[in-house]
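Worksheet: one structure, shown below.
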Amino acid sequence: MKPFQQLLAAVSVLAFASIATAQTTTLRITGSTAFRAATVTAVQNILQPGYTFGYNGTSVTGAGQSVFVGTTKVGSLPVVIKCSWSGSVGGVQTIAQQSPAITVANWLSESINTLTVAGTPALNSGSIYDSPTGADIAMSDSFQSSTAFSGPGYNTLADTVVGVVPFVWTKGSSNDTAVQASLANFTNMSPLMAKLVLAAGAPLSMFTGTAADSTVYVYAMGRDEDSGTRLTAFAESTFGIFGSPIQYQPTITSGAIASIAPWPAATVLGISYPTGHSGFSSGGTMATNLNTPVATTARDAFSAKFALVAYFGVNDANGVNGGNNNLTYNGVAYSADNVREGKYTFWGYEHLTYRSTLAGNAKTVADQIANQLKTADASVSGVLLSTMHVSRSTEGAVIIHN
């Protein structure tokens, strides 16, 4: 080959390499709402300044869907990163199930919507979504092996533990002044009381130690079967990951909870569940409901006054009376230090998972997000692994000192 031809060939190779490098990688993330704020923060922190984004609602870290367009700080990779949050268990199913393949219907489009450097809020309605397609990454509050979506017929997922995700039990409030005064003495949740409330409800007196409170009943609101928060709450209390609770759905009228009923029978993740078994698909929506006081005239099916309690990730729990309604667990208040030292036990690990077939720039960017969470941004929604002095093998397992 002549020198000129050799030079031309080399230039062509470089040109093709440049085109390949410049191709935009699209990465789609689903799963845990409890770790949503941390994950969205990590996505933003791996991108060079000047990226554009949009989201539904009024807060990008609290949005159900968001989309980011930019270039990574490491490697200068052009990327579109889309988030569509559902729940941990459903996220695992979405990328683990082999057949039929699962698609997600609400990925915000980067081309249909107007995205800005400051972020475009309130992308909530109209033709704003891509055609349904699958996810690449699932954030999960639980191990894949703890879900129903592992073993034959499911992909074994690559799993990076990126942080510790804490949970809390939180009480509601009442417009009935006597009930509200008694709720002030309801300060703690224990595993045995959690089991009782999840199974049937319990008199308020069992929480306050005051006999007069026995005429008021405490019932549980809770998440649906898609939720890793639910899985961890059930494991931690020894109610059982696959236990059958009676969780309640409130009816809100004129700014107050007028009545409750066991959650209607539902089909979640393709599985049918009986009345009372299911619950809210979003921790944020459940927090809004629990933040609504029970009406003075509200009564349960037995004509008794009632109060409500629920389990949350910490960020969602803070949506109920600014976090002031959070309960201690086994007499210990949630704090990052109490989690780190093993004193507060209502927590699990946060996992970034993807199929083993994820490759190329998509895997590179996924690993960048995982590393950003693991080294820095997990603290937005939980506790950094590097600061933990204790560990456990799975949800609800015995905690040991490192």
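The values are calculated or read from the model by the stated rules, or taken from the named source; none is laboratory data. Everything numeric in this text was worked out from a predicted model, so none of it was measured. Here Cβ is always computed from backbone atoms with ideal geometry, including for glycine, and neighbour counts include all displayed protein chains.
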For segment 353-375, enumerate the residues that are over 17 Å from GLY31 (Cα atoms) and in contact with a Lys or Arg (Cβ under 9 Å, 6 or more places away or on another chain). GLN368
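Only one of VAL60, VAL74, VAL80, VAL43 is in contact with a Leu (Cβ under 8 Å, 6 or more places away or on another chain) and β-branched (Val, Ile, Thr); which?
After ruling out the rest, the residue left standing is VAL80.
Here is a yes/no grid of residues against (1) at pLDDT 95 or above; (2) farther than 18 Å from THR328 by Cα; (3) in contact with a helix residue (DSSP H, G or I) (Cβ under 8 Å, 6 or more places away or on another chain):
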| position | (1), (2), (3) |
| --- | --- |
| GLU110 | yes, yes, no |
| ASN113 | yes, yes, no |
| THR116 | yes, yes, no |
| GLY119 | yes, yes, yes |
| MET139 | yes, yes, yes |
| GLN144 | yes, yes, yes |
| GLY153 | no, yes, no |
| THR170 | yes, no, yes |
| ALA199 | yes, yes, no |
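Quick test for you: out of LEU123, LEU77, pick the one residue that is modelled with pLDDT of 95 or more, touching a Gly at 6+ places or on another chain (Cβ under 8 Å) and not acidic (Asp, Glu). It would help to see each step written out before you state the result.
Working: LEU77 fails: touching a Gly at 6+ places or on another chain (Cβ under 8 Å).
So the residue among LEU123, LEU77 that is modelled with pLDDT of 95 or more, touching a Gly at 6+ places or on another chain (Cβ under 8 Å) and not acidic (Asp, Glu) is LEU123.
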Would you mind finding the one in SER386, SER393 that is part of a loop (DSSP other than H, G, I, E, B), free of Cβ contacts under 8 Å to residues at least 24 places away in the same chain and on the phi < 0 side of the Ramachandran plot? SER393
List every residue pair whose Cβ atoms sit under 6 Å apart, with the two residues 6 or more apart in sequence or on different chains, where the first one lies in segment 41-56 and is closer than 19 Å to TYR129 by Cβ and the second, anywhere, is small (Gly, Ala, Ser). PHE53/GLY119; TYR55/ALA63; TYR55/SER66; ASN56/ALA63; ASN56/GLY64
Scanning segment 225-255 residue by residue, those out of contact with any strand residue (DSSP E or B) (no Cβ under 9 Å at 6 or more places or on another chain) and surrounded by fewer than 16 Cβ atoms within 10 Å (Cβ to Cβ) turn out to be THR238, GLY240, PHE242, GLY243, SER254, GLY255
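Could you check segment 135-246 for strands (runs of 3 or more DSSP E) lying wholly inside it with 2 or more residues that are under 25 Å from VAL380 (Cα atoms), in contact (Cβ under 8 Å) with a residue 60 or more places away in the chain and under 17 Å from the mean Cα position of the chain (by Cα)? Write out each step before concluding.
Details: elements: 137-140, 158-171, 216-220.
Of the strands (runs of 3 or more DSSP E) lying wholly inside segment 135-246, those with at least 2 residues that are under 25 Å from VAL380 (Cα atoms), in contact (Cβ under 8 Å) with a residue 60 or more places away in the chain and under 17 Å from the mean Cα position of the chain (by Cα) span 137-140, 158-171.
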Selection status of LEU352, closer than 27 Å to ILE241 by Cα and assigned by TED's automatic domain parsing to the domain that holds SER190: no
Scanning for something in the same structural domain as ILE46 (by TED's automatic domain parsing), more than 20 Å from the chain's Cα centre (by Cα), small (Gly, Ala, Ser) and over 16 Å from PRO166 (Cα atoms), does segment 370-378 turn up at least one residue? no
From THR103, THR24, which residue is among the hydroxyl-bearing types (Ser, Thr, Tyr), surrounded by fewer than 19 Cβ atoms within 10 Å (Cβ to Cβ) and touching a Ser or Thr at 6+ places or on another chain (Cβ under 9 Å)? THR103
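Given the options SER76, SER84, SER66, SER127, name the one that is more than 17 Å from ALA366 (Cα to Cα), small (Gly, Ala, Ser) and outside any helix (DSSP H, G or I).
Values: SER76 fails: more than 17 Å from ALA366 (Cα to Cα); SER84 fails: more than 17 Å from ALA366 (Cα to Cα); SER66 fails: more than 17 Å from ALA366 (Cα to Cα).
So the residue among SER76, SER84, SER66, SER127 that is more than 17 Å from ALA366 (Cα to Cα), small (Gly, Ala, Ser) and outside any helix (DSSP H, G or I) is SER127.
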Only one of THR58, THR52 that is modelled with pLDDT under 95 and more than 21 Å from SER88 (Cβ to Cβ): THR58
